[in-house]
Every structure is written in C-alpha cells, then in structure tokens.
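Working notes for the structure below.
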Amino acid sequence: MSIKPDHWIEKMAREHGMIEPFEARQVKEGVVSYGLSSYGYDIRVADEFKVFTNVNATVVDPKNFDDRSFVEFKGDVCTIPPNSFALARTIEYFRIPRDVLTICVGKSTYARCGIIVNVTPFEPEWEGFVTLEISNTTPLPARIYANEGIAQVLFFQASEVCRVSYADKKGKYQKQLGITLPHINRS
C-alpha cells in the first residue's frame, strides 16, 4: 500500500467523483482549514448535529440504540456538553475506489482543545456522507464550527484490488445520506 499525494487525490476527485464537493486548495483564512493538503483531504462538518444527552436515562446499546439519546441541532456553531459527544456528517460525499482504503484523523486545532474526532476507515467501494463522532473530553462546553474543517482523510492505494469490497458485502452503512445511528443487520 502507498499513501497518495495531492495530485492523485485531485485527479480522482475530478475524474471519478471520489470527493464531492471538492476544494482543490487549503482554505484557511478565518476558519478551521479544509480542502486538499499534501497527502490528504481536510473534510468539513455540516451544520446538522445529534448531541448526546442523558435526559431519558437510556442505556447506550449498539445492538438496540435508542435515538432518544440525542437532541437534534442545526446551526453554524454546535456546543457539545462537557464529557459528552455529538454525531455529525461531512459536507463531502465520498466514492472510494476498489483499490483504496482511507484512514481519517482529527485536526490538530480541535485536538489541542480536547476535542477528538473518531471515524472508522472508508473501505474499498464504500460511498456516502461520513458520519462523524465528535467527543468533548473536557470538563467544559466545547464549540464545533459547521462548514469548516474537522478531520483529515488519508488515502492508501493497494497494489492489487481486494477480493471482497464494502459494496460486495452490502455493508450496512453504504450510501448513507445523513447522520446514521448505529444499528446491526437482522436476519
């Protein structure tokens, strides 16, 4: 596997719709930066959030998730309560090639504030808006700025294609269009 540079990312975005919308430069004046970087792409967070709350005293269960655990919020600035988290989605829609795997890591601007972004890898032939988990690890409220950078995606291209892609196995989070809550497939 090799990490892919900016010119490969730009070509794949423009010719194959790998990232839409695509920003071909780093936008950084007055915002948390986003757009194409040397060996990755800085994604933006949309203005839709699901902020975790314990108002209903539900149990967090990935096999039977209670959507009442979240309060929906739409706006330019989302405040995450202390020691809590929010789910959000990217502005960008991704179409990952069959010979590519991505890893997504949080931006240092947020990390230095105790805000951690968790995203699982984008598997070969996965597509959709990315659901982001944004954790506030501090004892204070934390602000997240919509339409600005939140994390960086690194693209790794394999020397040969995988036998079974995410599309082949009909992955449960394929082509997600909004913030997608955890669920399991039931037969």
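The values are calculated or read from the model by the stated rules, or taken from the named source; none is laboratory data. Bear in mind the structure is a predicted one, so any value in this text is a computation, not a measurement. Reconstructed Cβ throughout: ideal geometry from the backbone, glycine too, with neighbour counts over all protein chains shown.
Residue-wise test of (1) among the aromatic types (Phe, Trp, Tyr); (2) within 17 Å of Met12 (Cβ to Cβ); (3) in contact with a Lys or Arg (Cβ under 6 Å, 6 or more places away or on another chain).
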| residue | (1), (2), (3) |
| --- | --- |
| Asp67 | no, no, no |
| Ala88 | no, no, no |
| Ile91 | no, no, yes |
| Asp99 | no, yes, no |
| Tyr110 | yes, no, no |
| Ile115 | no, no, no |
| Glu123 | no, yes, no |
| Phe155 | yes, yes, yes |
| Tyr173 | yes, no, no |
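Please verify whether segment 23-33 includes one or more residues that are within 18 Å of Gly128 (Cα to Cα) and surrounded by 12 or more Cβ atoms within 10 Å (Cβ to Cβ). Yes, the conditions are met somewhere in segment 23-33. All told, Thr79 meets the bar of being of a type in the set (Ser, Thr, Tyr) and either within 16 Å of the chain's Cα centre (by Cα) or under 22 Å from Gly178 (Cα atoms) (or both).
Does segment 74-113 hold any residues that are among the polar types (S, T, N, Q) and either in contact (Cβ under 8 Å) with a residue 24 or more places away in the chain or crowded, with 21+ Cβ neighbours inside 10 Å (or both), and which are they?
Of the residues in segment 74-113, the ones among the polar types (S, T, N, Q) are 79, 83-84, 90, 102, 108-109.
Result: Thr79, Asn83, Ser84, Thr90, Thr102, Thr109.
In segment 152-170, the condition of being at pLDDT 95 or above, under 19 Å from Ala46 (Cβ atoms) and under 13 Å from the mean Cα position of the chain (by Cα) is met by at least one residue. Listed by position, the strands (runs of 3 or more DSSP E) enclosed by segment 89-187 that each have at least 2 residues that are of a type in the set (Ser, Thr, Tyr) and out of contact with any Cys (no Cβ under 7 Å at 6 or more places or on another chain) are 127-136. Taken over segment 1-24, the residue count meeting the criterion of being modelled with pLDDT of 95 or more and assigned to a loop (DSSP other than H, G, I, E, B) is 6. Residues in segment 56-83 that are assigned to a loop (DSSP other than H, G, I, E, B) and of a type in the set (D, E, K, R): Asp61, Lys63, Asp66, Asp76.
For segment 133-165, give me each residue that is without any contact (Cβ under 8 Å) to a residue 60 or more places away in the chain and either over 30 Å from Val77 (Cα atoms) or of a type outside the set (Ser, Thr, Tyr) (or both).
Here is the first cut: in segment 133-165, the ones without any contact (Cβ under 8 Å) to a residue 60 or more places away in the chain are 133, 135-140, 163-164.
Of everything in segment 133-165, those that are without any contact (Cβ under 8 Å) to a residue 60 or more places away in the chain and either over 30 Å from Val77 (Cα atoms) or of a type outside the set (Ser, Thr, Tyr) (or both) turn out to be Glu133, Asn136, Pro139, Leu140, Arg163, Val164.
Provide a single number: the residues in segment 25-54 that are of a type in the set (D, E, K, R) and part of a strand (DSSP E or B). Working first, answer last.
From segment 25-54, those of a type in the set (D, E, K, R) are 25, 28-29, 42, 44, 47-48, 50; that's our starting set.
Filter again for part of a strand (DSSP E or B), leaving 42, 44, 47-48, 50.
The qualifying residues number 5.
Out of Val51, Val71, one residue alone is surrounded by fewer than 14 Cβ atoms within 10 Å (Cβ to Cβ), β-branched (Val, Ile, Thr) and touching a residue at least 12 places away in the same chain (Cβ under 8 Å). It is Val71.
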